[in-house]
Amino acid sequence: MALLAAAVASLPTGNTNGGRKTMNRNRITAADTDFAVTVEMAKNNLIQIGTTYLDRVDGELLIPFERQRPVILLGPAGVGKTDLAKQVAEALDIGFVAYSLPHHTRQSISGLPKIVEKSHNGETALTTEYTQSEIIASVYDYIEKTGKKNGILFLDEVNCISDTLHPLFLQLCQQKTLGQCTLPEGWILIMAGNPPQYNKSVKEFDAVTRDRLRIINVVPDADAWLDYADQRGLNPTVTAFIRSDKSKIYGFEPDRAQIVTPRGWEELSMTINSFEKHGYEITPELISQFIGIPSTANEFYSYHKMVKENVTEKDIDNIIRGKTTDAYIKKVRAMQYGIRFMFMSCLKSRLHAFAVDKDYQNGSSAMDCIVDFLTNAYGTDSETELFMNGILSDKDIVQMAVLTKNGKFGAYLDEITESETNINNDLRKIRKKED
């Protein structure tokens with residue numbers, strides 16, 4: 001079984017010109033930077049790099065430790081570079097230690113000086129050595145605490161360091177050492193930084209430095225963020241807004257230093273969830289604290305207000321319990337395009353919660369009720385298929401549908417593809433653990 005083409009995800013979000021996308025002026029895309037990749041592509045690249053860097057033959061690293069170039073992720077602020085490195089560590093089942101270099105002094109990076117007594121040619125003299133680097137020490141502490149001998153050392157904002165720290169940075173890139181301390185073999189050095197147009201503190205890498213790095217230029221990726229949002233259970237109003245216009249995932253207006261980032265949308269989502277739990281009002285001022293471009297903040301506020309007037313938690317409860325009325329079905333048929341995205345996201349969020357909690361009995365019942373409702377509202381035409389493809393883009397929901405052998409959701413799954421094979425592999429792992 002493979003998912004039908006995700007029609008909701010493929011709806012156009014901008015102007016086109018002969019099939020070629022024409023981007024908004026504040027839209028950051030792969031075309032803006034040579035050899036740029038999306039977040040999902042960067043993750044796959046890092047997994048490949050990690051796998052090859054840790055590969056051994058007869059106990060020896062296939063790529064010698066001193067020849068393993070550090071990797072640097074260059075991309076706009078808030079695009080998810082730190083989370084990306086964490087996800088790679090989890091995927092490879094290795095350790096993860098993170099530091100922000102600009103917050104360190106030369107002494108904390110290289111170690112503090114200490115006076116030691118040494119003998120040379122029978123004579124004793126005092127000389128200077130250095131204590132262990134705080135950063136390297138934290139790696140050894142992590143190994144001792146967790147037992148994980150392989151890992152990722154993630155250093156953020158590396159192109160914002162002062163000139164006094166640059167020699168130490170080059171030493172780390174070339175020799176995997178800081179001061180007199182060496183990074184343990186099996187630890188992969190991944191770094192991150194912002195291009196200079198986003199941060200006035202950024203210093204451009206010279207050719208010598210670039211020749212010691214593997215540089216991956218990362219650009220915002222709405223599809224990858226929406227997948228991430230589904231897994232995290234982010235606020236359905238936020239995910240529906242992004243899904244209805246994916247160009248809104250990122251925006252940058254350098255003249256006014258205004259920016260919208262995936263990080264901002266995630267933190268706004270968590271804040272809305274908390275405010276709604278306590279009954280606090282969602283205001284334009286609140287939204288502007290996370291969404292830095294006023295026009296985007298105002299647009300989202302209007303969208304949030306509109307959908308809250310048309311889709312309530314009680315409505316969603318009635319749908320998943322099979323208790324909707326003819327009057328509400330008529331109302332749903334008349335919903336505007338943008339509200340339908342929110343409506344689908346709410347249904348998806350509820351099913352995701354059932355899947356994550358492994359409440360498969362109630363989840364399967366809810367799936368039946370959702371299909372019955374959509375069929376009553378829209379029949380079996382493309383509108384129902386759009387809803388179902390949007391809902392089935394969540395892998396956890398697909399797993400629940402397969403595990404419960406839900407026939408009504410199964411009707412919207414086709415023949416096997418690679419993505420579905422991955423789902424089936426995950427299901428086998430789940431069943432093995434349950435057995």
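The values are calculated or read from the model by the stated rules, or taken from the named source; none is laboratory data. As the structure is a prediction and not an experimental result, all values here were calculated from the model. Neighbour counts run over all protein chains shown; Cβ positions are idealised from the backbone, glycine included. Accessible surface areas use protein heavy atoms only, side chains included; no ligands, DNA or RNA. Shrake-Rupley method; radii C 1.70, N 1.55, O 1.52, S 1.80 Å.
A few notes on this one:
- Cross-link check: pairs 86/145; 330/408; 330/358; 149/203 evaluated at a Cα-Cα cut-off of 28 Å; pairs beyond the cut-off: 330/358; 149/203.
- 5 angstrom amide H check on residue 151, placed H, neighbours 5+ away: 95, 187, 188
- The 3J(HN,Hα) values that the Karplus relation (6.51, -1.76, 1.60; θ = phi - 60°) gives for the stretch 395-402 are, in residue order, 4, 5, 5, 4, 4, 4, 4, 6 Hz. Gly and Pro appear as x.
- Measuring r between the beta carbons of residue 329 and residue 40 and using R0 = 45 Å, the FRET efficiency lands at 0.75.
- Note on residue 62/residue 337: beta-carbon distance plugged into 1/(1 + (r/R0)^6) with R0 of 41 Å gives a FRET efficiency of 0.20.
- Near the amide H of residue 245, within less than 5 Å, lie no amide hydrogens of residues on another chain or at least 5 residues away, with H placed in the peptide plane.
- HN-Hα J in Hz across the stretch 166-182 - Karplus 6.51, -1.76, 1.60, θ = phi - 60°, x for Gly and Pro: 4, x, 5, 4, 5, 4, 5, 5, 7, 10, 6, 10, 10, x, 9, 10, 10
- Of interest is the spacing of the C-alpha centroids, which for the stretch 327-353 and the stretch 265-288 amounts to 21 Å.
- Accessible-area ranking of 356, 71, largest first, probe 1.4 Å: 356, 71
- The stretch 131-253 has equivalent-ellipsoid semi-axes of 34, 22, 11 Å, by the square roots of 5 times the alpha carbon gyration tensor eigenvalues, sorted largest first.
- Taking θ as phi - 60° and the Karplus parameters 6.51, -1.76 and 1.60, the scalar couplings of the stretch 239-245 work out to 5, 5, 4, 5, 5, 6, 8 Hz in sequence order, x denoting glycine and proline.
- Residues with amide H under 5 Å from that of residue 181, placed H, sequence gap 5 or more: 133
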